[in-house]
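Here the structure is laid out as structure tokens; the discussion comes afterwards.
Please treat every number below as a calculation from the coordinates, not as lab data. In this text, all values refer to a predicted model and were calculated from it rather than measured experimentally. Cβ placement follows ideal geometry from the backbone for every residue including glycine, while neighbour counts extend to all protein chains displayed.
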Amino acid sequence: RAVDRGRWKDGAFGFRKSIYVRRETMTDMKGISRRSFLTGSAVLGGAAALAGLAGCSPAPKDTSMAETGSAAEEDWLGEAPALTEADCDNVVDADVVVIGSAVAGSLSAFGALENGAKVVMLERNKIFHYGGNQGSFLNSEFQKQSGKPTYDPKEIVYHIVGNTANRCDIRQWRVWADRSGELVDTLIEKVLTPAGIPFTCSPAPDEPELWLNRVFDINVVLGDPTKDNYKEFLSGMHAYLADNGADIRYNTKAEVLVQDEAGRVTGVIATAEDGSRTLFKAAKGVIVCTGSYAGNAAMVKKFQQEKVAKLLEEGNVYTMYMDTEDLSSAEPMDDGIGHRMMCWAGAEMEGGPHGFLGWPNGGHIGCPNLEVDQAGRRYMNEALFPVNQVQQVVSAASMPSGAFTWEISSTEDRLMPCFIGIDPNVLDAIAKSGTGVYQADTLEELAELIDVDPATFTATIERYNEMCEKGVDEDFMKSSEYLIPVKNPPFYAFNEKWVFVCSIAGVH
């Protein structure tokens, strides 16, 4: 399945933050011998053995969605390029061809190499995409030796199944539960330690039981935790792959999957920077790890909820990109080319509407302060975490004026615990920045500044403060530790613009 990625930069903070979320198919290698692997064949979407979680990375590119390829707005699929072996300048033979060289692609290539395959990995840019810096691993020796809990795999998989309303494939999560610990131990032994790349367990959440969404302490940072991307780790991965025989082709864009007369996928045609084309034959399979379709307007309109798609038409889209010097062209990265290539070859898209990853660009992010919608009404338990999951609640909120909500706070909020380690005193810096921040000495004045009905807004605050005094959230059941009243001026309203960073969907 597609690897989904996203990032944002908020000028009000003066720091960068990204989220890297992946929903991907993992191929179960348990009990499969090297010989049996090499006698199989498949076309797999995002086959890898690592599930990524939150990390940090470079700034976003705020763009409207591009209509990519030959797909007009109502024709999301378009037509496959009419390319054959006769149009190619070169032919390269391999067992496995991997399209995309970021985390999913690199780990897919790693798994194939470990099983004895001859591997080619294609990347259309000058370098791999490097968003994110953590992965989720279960019960590795490294985690156990670091004093982390030993979890019941069934408990965690059941939690995931429940969180996805049974839409996930439990067989794929079983592979992760059974094999991910072994994977990170292998990466530490073969890649990280020899290359001198640091690795550490993520700090455990202090009081996860207070969060609306339970979080397990299963993250490992692959690289320097002060550097907000996977660049160091993936540089080491690519060096390991190359040293062990993988043929890595940068500036090489996959155009179309090649099939034989029976429909079996036998390779891919790709175009190099100089315009030359190569047929990469894949005797055993092609693995597609090409990312999101968030930058493709036609696909978003087709597969996302109508309300979400409408919000995106207003320009609330952050498509992924890397540093400019690492890109081969100005075309949007998240154009859904992998999904479309696979559908041209006979696959079908997952049923919809699809999930998506959203992220707030602004506000005192990571602190469960009072949130109100555009009508001035409270609409959620603010202790939902991780923050990226809040977007599902926000997408259902009242947003007639665009994809934004308001975070309301006062001077007491410097005491508010923060989910993601931001110093509460950053409130002062945000307030002084004047970017998306409104300040007033009365709630009525603040309501006027943010264009909400003063009576509705003040009633919301009064109700919230009453529950804070009681220590019981009678409306949304937020834990009492986070019930800090909005009482003492100056009062602040932080504009939280919710942006669409990536799609979460793949193909059958």
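Past the 14 angstrom mark, what percentage of all C-alpha to C-alpha distances in segment 132-200 do you count? So the pairs more than 14 Å apart make up 63 percent of the total in segment 132-200. The gain in end-to-end length when the Glu79 to Asp441 segment is fully stretched comes to 124.4 nm, 0.36 nm per residue minus the alpha carbon separation.
From the Cα gyration tensor of segment 85-135, with a ≥ b ≥ c the square roots of its eigenvalues, which class applies: rounded if a/c is under 1.5, or else prolate if a/b is larger than b/c, or else oblate? Because a/c hits 1.5 or more and a/b fails to exceed b/c, segment 85-135 counts as oblate.
For Gly291, the residues 5 or more places off, or on other chains, whose built amide H falls under 5 Å of its own are Val3. Using alpha carbons only, the radius of gyration of segment 176-270 set against its Kirkwood radius gives Rg/Rh = 1.13. The distance between label points at Asp243 and Glu313 comes to 5.4 nm (points 7 Å beyond Cα on the Cα→Cβ vector). Applying the Kirkwood pairwise sum to the alpha-carbon positions of segment 62-193 produces a hydrodynamic radius of 18.8 angstrom.
Computed from phi, the 3J(HN,Hα) profile of segment 481-491 under the Karplus parametrisation 6.51, -1.76, 1.60 (θ = phi - 60°) reads 4, 9, 8, 10, x, 9, 10, 9, x, x, 9 Hz, with x in place of Gly and Pro. Measuring against 25 Å, Cα to Cα, the residue pairs Lys190/Lys231; Lys231/Lys302; Lys148/Lys227 contain Lys231/Lys302 as the ones spanning a longer distance. Computed from backbone phi, the HN-Hα couplings of segment 368-385 come to x, 6, 4, 10, 10, 8, 6, 9, x, 9, 5, 9, 7, 7, 6, 8, 5, 8 Hz, rounded to whole numbers (Karplus: 6.51 cos²θ - 1.76 cosθ + 1.60, θ = phi - 60°; Gly and Pro given as x).
Placing R0 at 56 angstrom, the Cβ-Cβ distance between Thr411 and Asp323 gives a FRET efficiency of 0.90 after rounding to 0.05.
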